[in-house]
Amino acid sequence: MASISDPCSLSSLAKCVTKHLNLTYHVDFDSHIIKGKVALTIEVLEDHFSSFTLDTRDLKIFSVTANGQEAKFTMGPKHRFKGTPLEITIPFDLSRGQHAIMEVCYETSPNSSALQWLSPEQTAGRKSPYLFSQCQPHHCRSMVPCQDSPSVKHTYYAQISVPNELVAVMSALREGQEPDPQGSSRIIYRFRQPVPMPSYLIAIAVGALESREIGPRSRVWSEKELVDKAAFEFSETETMLKTAEDLAGPYVWGHYDILVLPPSFPYGGMENPCLTFATPTLLAGDRSLSNVIAHEISHSWTGNLVTNKTWEHFWLNEGHTVYLERMIGRCMVSEQFRQFKAMGGWKDLQDSVNTFGANNPLTNLVPSLHEVDPEDAFSSVPYEKGFALLYHLEQLMGGPEVFMGFVKSYIQLFSHSSVTTEEWKNYLFTYFKDKADILNKVDWNAWIHTPGMPPVQPQYDTTLADACIALCQRWVQAKEGDLGGFKEADLRTFSSHQLIEFLSLLLQEEPLPLSNVQKMQEVYKLNAYMNAEIRFRWLRLCVRSKWDDMVPMALKMATDQGRMKFTRPLFRDVYNFDTYRDEAVRVFLAHRSAMHCVTAGLVAKDLKLDSNQSTVL
């Protein structure tokens, strides 16, 4: 077998492969640690196997056994972001093809990068503590000693002991619960994940959770304060699942549940199998932001079933998932709606390229992550540059039906495995062998290995965007004394998606004069909108136009929730408003302890703070 190289892992990927994990967890809210035991079933890939390495980060290791016999272990040197290798020597030799069970007893650190511990005050109910994990991309190693690489897929079984009054959920099928024999105040929840998956998809949440049925294979989970609102918002889940199955093939994970997390969750959604994690900022009240759920559902095929082999090939997960998500929108709404969403994605890509810089190698579709923390590479580039490539190929190959045939076939061929861009491209040429002459004309180097915007700008149907573009241009061209022509009726026929697009277009222009945004508020009453996507763009527009009164509202939104998509740009915009630079830093430092550690670390970089995040560089 060829040596597997993953620049984000220190584990022995060429010597052995994990086939199954058996997790036993005791969740301790007083000390903010999980006391754990993990039994890894490994398959040996070489003869004379007697030592191997696992990924860990900030774990305290107590003992290691191999097939029940004590094994020697040492902790290697700590790496800046890869953590500390756990080097294990077993008391016997194994041969290629043999299996062994390695058991590690350990506990997590209160500062585990995978785990966020919330005080009761940080939850919706304000009565019970809460714990949730976020392992993507490389944080599982701070929760489980493992081969923390998306190239390794395994099943898992878990039993979790938590306080009686709380409920545990995981990215797996629920297998029941029972009193903890170790203590009458605790309960054990059991879980089983029979479909092999990478370590970054192991997920746990513990809190005062309730659930509501929203479909024949779906429940929504959250604190009781949000559960009914969430059930309404995500009531179209089964329709989306069926639509995705028609496009991509059978759904193999059994259940598709959604957990609405407390506001500090750093992402819009996380595609943990059987249990998508979702931000409460999706609860718009009108189902208009449920396309995020279509995205996470799509990951059940592209990402979870077919996985990028390393994080350098992240676009294989995200570009295909955006493509599938928009195909679901095409089936459920219209082709014009798919085109409209694609236009918005192109603007998000331009925004990311502008933020990184057009020559930044992290804007490559396949960036080199040698000694690069994959968190630092995270942006809309793999999502939207990836989608743009797939859409370009769709047009060259004969349209959405033809290209979706390839996507479905690619999923079937590579299901349950991890792939590289080269393997994807080779299969593309195999599938479309009769159109190889067209594929050979694609500038693959410019698309894949060149920074900046793609070499081809797709032409999208602008039907749904035309009104947004026209209204945007009216505001851009309007002079200070000539604002009387704007009326409330301008927005009367706009959907939420079109209002978001209108504000996005304005954000691409030079900042409007302050009088214009003040008039916009007077006419459209945009401060009253609670849809997070609308509010976020409106507040950015106001701060960029230097409207002092809106700065507190922008900082409030940046700290009331912790979704990085909103929090980072809002802080950056206030920081760039010179008068309020110190205020941006002060507010961040005051709220930093309530933020997810990934969010806090990246906002600190945005605000030019040192690693202690308490002084300005």
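Can we say Met595 is within 23 Å of Leu507 (Cα to Cα) and not hydroxyl-bearing (Ser, Thr, Tyr)? So Met595 fails the test.
Is it true that Glu509 is acidic (Asp, Glu), touching a Gly at 6+ places or on another chain (Cβ under 8 Å) and under 27 Å from Asp573 (Cα atoms)? No: the conditions fail for Glu509. Taken together, the criteria place Ala71 among residues that are touching a Ser or Thr at 6+ places or on another chain (Cβ under 8 Å) and without any contact (Cβ under 8 Å) to a residue 40 or more places away in the chain.
Okay, residues lined up against (1) part of a helix (DSSP H, G or I); (2) in contact with a helix residue (DSSP H, G or I) (Cβ under 6 Å, 6 or more places away or on another chain):
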site: Gln498; (1), (2): yes, yes
site: Glu501; (1), (2): yes, yes
site: Ser504; (1), (2): yes, yes
site: Pro511; (1), (2): no, yes
site: Lys519; (1), (2): yes, no
site: Glu522; (1), (2): yes, no
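Among the strands (runs of 3 or more DSSP E) confined to region 17-102, the ones with at least 3 residues that are surrounded by 16 or more Cβ atoms within 10 Å (Cβ to Cβ) are located at 33-44, 49-56, 60-66, 84-94. Tell me which residues, restricted to region 104-132, are closer than 20 Å to Ala39 by Cα and part of a strand (DSSP E or B). Once the filter is applied, which keeps residues that are closer than 20 Å to Ala39 by Cα and part of a strand (DSSP E or B), region 104-132 yields Val104, Cys105, Tyr106, Glu107.
Of the helices (runs of 4 or more DSSP H) lying entirely inside region 368-473, not one is found with 3 or more residues being outside the structural domain of Ala248 (by TED's automatic domain parsing), touching a Ser or Thr at 6+ places or on another chain (Cβ under 7 Å) and at pLDDT 95 or above. Of all residues in region 418-435, exactly one satisfies the criterion of being surrounded by 12 or more Cβ atoms within 10 Å (Cβ to Cβ) and farther than 24 Å from Gly303 by Cβ, namely Lys435. Among the conditions (1) under 30 Å from Val598 (Cα atoms); (2) in contact (Cβ under 8 Å) with a residue 40 or more places away in the chain; (3) acidic (Asp, Glu), Glu87 misses just one, which is (2).
Checking the structure you have, find out if any residue of region 502-525 is under 21 Å from Ala284 (Cα atoms), touching a residue at least 40 places away in the same chain (Cβ under 8 Å) and in contact with a Leu (Cβ under 9 Å, 6 or more places away or on another chain). No; the residues of region 502-525 include none that is under 21 Å from Ala284 (Cα atoms), touching a residue at least 40 places away in the same chain (Cβ under 8 Å) and in contact with a Leu (Cβ under 9 Å, 6 or more places away or on another chain). The single condition among (1) assigned to a helix (DSSP H, G or I); (2) in contact (Cβ under 8 Å) with a residue 24 or more places away in the chain; (3) hydroxyl-bearing (Ser, Thr, Tyr) that Ser593 does not satisfy is (2).
Looking only at region 224-283, residues that are touching a residue at least 12 places away in the same chain (Cβ under 8 Å) and either assigned to a loop (DSSP other than H, G, I, E, B) or assigned by TED's automatic domain parsing to the domain that holds Arg592 (or both) come to 24 in all.
When each of Ser119, Ser151, Ser184 is tested for being in contact (Cβ under 8 Å) with a residue 40 or more places away in the chain and not hydrophobic (A, V, I, L, M, F, W, C), the lone residue that passes is Ser151.
Residues in region 66-86: is at least one touching a helix residue (DSSP H, G or I) at 6+ places or on another chain (Cβ under 6 Å) and either outside the structural domain of Trp311 (by TED's automatic domain parsing) or not acidic (Asp, Glu) (or both)? Within region 66-86, one or more residues are touching a helix residue (DSSP H, G or I) at 6+ places or on another chain (Cβ under 6 Å) and either outside the structural domain of Trp311 (by TED's automatic domain parsing) or not acidic (Asp, Glu) (or both). Among the residues making up region 534-548, a single one is of a type in the set (D, E, K, R) and not in a helix (DSSP H, G or I): Lys546. Per the listing Asp549, Asp560, Asp578, the residue uniquely assigned by TED's automatic domain parsing to the domain that holds Glu480, among the charged types (D, E, K, R) and closer than 25 Å to Glu488 by Cβ is Asp549. So, Ile188, is that one outside the structural domain of Ser593 (by TED's automatic domain parsing), surrounded by fewer than 23 Cβ atoms within 10 Å (Cβ to Cβ) and farther than 22 Å from Thr281 by Cα or not? Here the answer is yes, as Ile188 does meet what is asked.
How about region 161-177: which of its residues are closer than 20 Å to Ile33 by Cα and surrounded by fewer than 24 Cβ atoms within 10 Å (Cβ to Cβ)? The answer is Ser161, Val162, Pro163, Asn164, Glu165, Leu166, Val167. Screening Pro455 with (1) surrounded by fewer than 13 Cβ atoms within 10 Å (Cβ to Cβ); (2) within 30 Å of Glu509 (Cβ to Cβ); (3) free of Cβ contacts under 8 Å to residues at least 40 places away in the same chain gives one miss only, at (1).
Within region 474-496, the set of residues being among the β-branched types (Val, Ile, Thr) and not in a helix (DSSP H, G or I) comprises Thr493 only.
The values are calculated or read from the model by the stated rules, or taken from the named source; none is laboratory data. Worth saying up front: this structure is predicted, and the values here are computed from it rather than measured. Every residue, glycine as well, gets a Cβ built from its backbone with ideal geometry; the counts of neighbours run over all protein chains shown.
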